[in-house]
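A short write-up of the structure that comes next.
We did not get these values from a lab; they are worked out from the coordinates using the rules stated. Given the structure is predicted, the values throughout are model-derived calculations rather than measurements. With ideal geometry, Cβ positions are generated from the backbone for all residues, glycine too; neighbour counts draw on all protein chains shown.
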Amino acid sequence: MAVDHNKNRGSIIQVVFIIATLVIIGQLLNLQVFNQSFQERAEVAGSSSQLEYPSRGLIFDRNGELLVVNKPIYDLMFIYNQFEDHAANFDTTKFCRLLGVTKEYFIAALDKNWRDPRYSKAKAEPFLTRLPQEQYATLQESLYEFPGFIVQERNARAYPHRSSAHLLGYIGEVGPKLLEDSAHVYNVGDYTGISGLEREYEANLRGTKGIRLVEKDIYGRVIGSVEGGDRDVDALAGDDLFSTIDLELQTYGEELMQNKIGSIVAIEPATGEILAMISTPTYDPSLLAFGPERGKNYAALLQDSLQPFFNRGIQAEYPPGSLFKPLVALIGMQVGTLHSQRGISCQGAYFLNGMRLTGCHGHPYCKDVATAIQHSCNAYFVTAFREIIDRFPDERTPREGLTDFNSYLYNFGMGKALGIDFPGEKGGNVPGPAVYDRAYAQETGWKSVWLRSLGIGQGELLTTNIQLANMAAAIANRGYYYTPHLTRSFRTAKGDERIAEMSSERHETGIDAQHFEPVIDGMEMVVRAGTAQAAFIPDIPICGKTGTAENNQRGGQDHSIFFAFAPKENPQIAIAVYVENGGWGGSYAAPIVSLMIERYIKGEISSNRRWLEERMFNADLIGRQP
């Protein structure tokens with residue numbers, strides 16, 4: 001019987017076709033009904049990259065107290081290309097109502113100069129920054145209705161305490177120049193440190209941005225990560241900064257200086273670590289935290305006649321007054337023109353050829369360097385200064401004498417910025433021979449007697465308060481100091497700690513150690529039985545020097561100055577206080593120094609000195625301004 005091969009072949013083909021059809025139908029069912037991932041991929045209309053902003057590093061005091069923390073804020077961003085694709089159906093009226101902006105603002109915000117390389121239609125650009133939490137929550141519910149708009153979460157600063165505003169500084173949006181110079185580190189709308197430690201250590205605190213690649217649907221909504229996030233780059237948090245500041249001492253100093261103009265700088269002599277750096281008037285740092293009132297607060301502070309943004313601890317340059325006299329004594333003893341046991345008479349003034357040139361106040365005979373410092377005798381130190389300047393042969397005097405004298409001042413950190421890890425430090429002024437060559441160009445020459453005011457810390461001589469505190473530290477150390485600094489260490493996001501890169505190089509003053517003892521003895525006598533008896537504490541030997549710097553402003557009172565260190569042996573703190581319009585050095589500066597020392601060393605103020613504390617708290621010297 002013959003087999004119909006053509007018929008069998010047709011049956012086989014039908015079976016194969018049916019099987020193939022069933023396989024295809026099964027796969028379609030799997031993809032479209034059972035396989036959820038396929039459904040999600042089917043909805044993908046495109047992908048884009050989103051920046052992930054890192055947490056900014058925290059700032060702590062020396063004891064681990066938080067000075068600055070982070071709080072979330074929200075920036076509304078737009079990607080123009082995605083908005084443009086849906087512009088015809090975009091509900092501008094509802095969008096503006098939700099955000100509380102006008103249509104004019106909406107149009108202006110999207111109208112960028114797209115030919116400018118700083119902008120890109122394919123990248124997120126800021127539309128409205130720093131949305132309050134409530135506004136963000138309202139917008140988030142409807143954000144899917146507005147293609148091309150996304151919210152980026154960032155961290156702004158918050159302040160647990162009301163102190164340390166100058167020290168910490170503040171952050172703000174980057175300017176055009178920084179954008180141009182930063183090699184793409186910053187984008188439009190990014191934040192950066194503007195002042196203080198925030199600015200000085202911006203590179204450490206800011207962290208590193210991450211990138212998230214996301215898939216979006218046709219409405220611009222994020223529906224997932226590209227390749228499960230395998231290509232994402234995580235943001236890296238900034239380093240935490242551990243400062244040298246003692247928050248309790250810093251806050252206490254600000255309380256003592258309220259309603260006064262001036263500054264306090266306190267240093268640990270053995271390390272150069274700055275324990276407190278206070279400038280007043282100051283302000284609550286929360287005033288410049290991001291919020292609806294920030295702009296108004298900033299404008300008010302900027303227009304304040306008392307200049308609360310001006311850091312008087314490192315930027316104000318003042319005559320040191322009688323605080324300069326210990327340096328004159330040290331230099332005189334080092335170069336051999338003065339002996340520690342030498343006495344110099346004073347009849348109420350410095351006289352030359354019977355003429356009264358520089359006045360002095362009534363005090364006992366200064367039989368040696370220590371008593372001269374104790375009584376702050378002008379005649380003694382004008383004499384000592386002139387002898388230093390005039391010690392060279394006639395043809396080299398006084399120019400070479402002044403040059404050599406100034407070299408010691410530079411060794412003490414005067415006449416130049418100390419190089420602290422903080423922006424804006426000034427260097428003061430140490431006048432050299434060239435200054436007097438110009439001033440006396442019409443004369444045949446100039447003489448040391450014409451410069452005598454320098455010997456008592458007046459004239460063209462200028463210092464900053466941090467330089468005065470550093471001078472006290474150098475004396476406390478008997479001849480050397482370490483560069484003052486505000487940062488101890490950093491802690492990375494992984495928990496690794498590293499010491500801050502401030503130099504620990506020891507700076508020598510060039511004065512032999514034995515010459516410091518009579519000066520230090522005199523400084524102790526200033527507090528025990530001299531011009532600063534208000535600073536005396538029975539169980540803490542304080543060595544200090546008062547100063548009263550002339551105020552050349554019409555109607556203004558002189559400035560009250562005091563620097564000191566304590567205890568006398570193995571000193572823990574060196575400190576300088578400058579109170580503008582405060583009068584005598586013993587009236588305000590010396591009591592404030594002693595209270596700061598007692599608070600730091602003992603942790604509290606003894607009951608029998610609370611009256612002095614209250615007097616400093618309540619003193620209002622703002623009205624003494626001319």
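A protection proxy built from the mean count of other Cβ atoms within 10 Å ranks the segments 597-607, 480-490, most packed first, as 480-490, 597-607. How much of the DSSP bridge set in region 48-243 is antiparallel, in percent, rounded to the nearest 5? Given both bridge residues lie in region 48-243, the antiparallel proportion sits at roughly 95 percent. Rounded to 0.05, the FRET efficiency of the Leu302 and Ala183 pair, given R0 = 30 Å and the Cβ-Cβ distance, is 0.45.
Using the Cβ-Cβ distance between Asn570 and Asn70 with R0 set to 35 Å, the FRET efficiency from 1/(1 + (r/R0)^6) comes to roughly 0.30.
Cross-linked pairs Lys260/Lys367; Lys177/Lys426; Lys177/Lys260: Cα-Cα separations exceed 30 Å for Lys260/Lys367; Lys177/Lys260. So, R0 is 56 Å and r is the distance between the beta-carbons of Ser504 and Glu443; what FRET efficiency does that work out to, to 0.05? Computed FRET efficiency for Ser504 and Glu443 comes out at 0.75. From least to most packed, judged by other beta carbons within 10 angstrom and beginning with the fewest, Arg491, Arg56 follow the order Arg491, Arg56. Full extension of the chain segment joining Gln258 with Ala158 gains 33.7 nm, where the gain is 0.36 nm per residue of separation less the Cα-Cα distance. Any idea what log10 I(q)/I(0) is at q = 0.10, 0.12 Å⁻¹ for region 48-243, Debye with uniform C-alpha scatterers and no solvent? For region 48-243, the Cα-only Debye profile gives -0.48, -0.68. As a rough footprinting exposure proxy, the listed residues Asp181, Asp75, Asp284 were ranked by other beta carbons within 10 Å of their own, and the order from fewest upward is Asp181, Asp284, Asp75. Here the simple spin-label model places points 7 Å from the Cα toward Cβ, and for Gln341 and Glu293 these points are separated by 6.8 nm. Each of Ala513 and Ile622 was given a label point 7 Å from its Cα along the Cα-to-Cβ line. The distance between the two points is 4.9 nm. Loop-located chymotrypsin sites (Phe, Trp or Tyr not before Pro) across region 338-385 with a Cβ neighbour count of 16 or fewer within 10 Å are Tyr365, with loop assigned by DSSP.
Going from the residue with the fewest nearby Cβ atoms within 10 Å to the one with the most, Ser376, Ser340 rank Ser340, Ser376. Taking 25 Å as the straight-line reach from the Cα of Lys103, the lysines in range (excluding those fewer than 8 positions away in the same chain) are Lys94, Lys112, Lys121, Lys123, Lys296. One chain, two ends: Lys494 and Glu400. Fully extended at 0.36 nm per residue, the span grows by 28.1 nm beyond their Cα-Cα distance. Between Asn89 and Phe351, residue separation times 0.36 nm minus the direct Cα-Cα distance comes to 85.1 nm.
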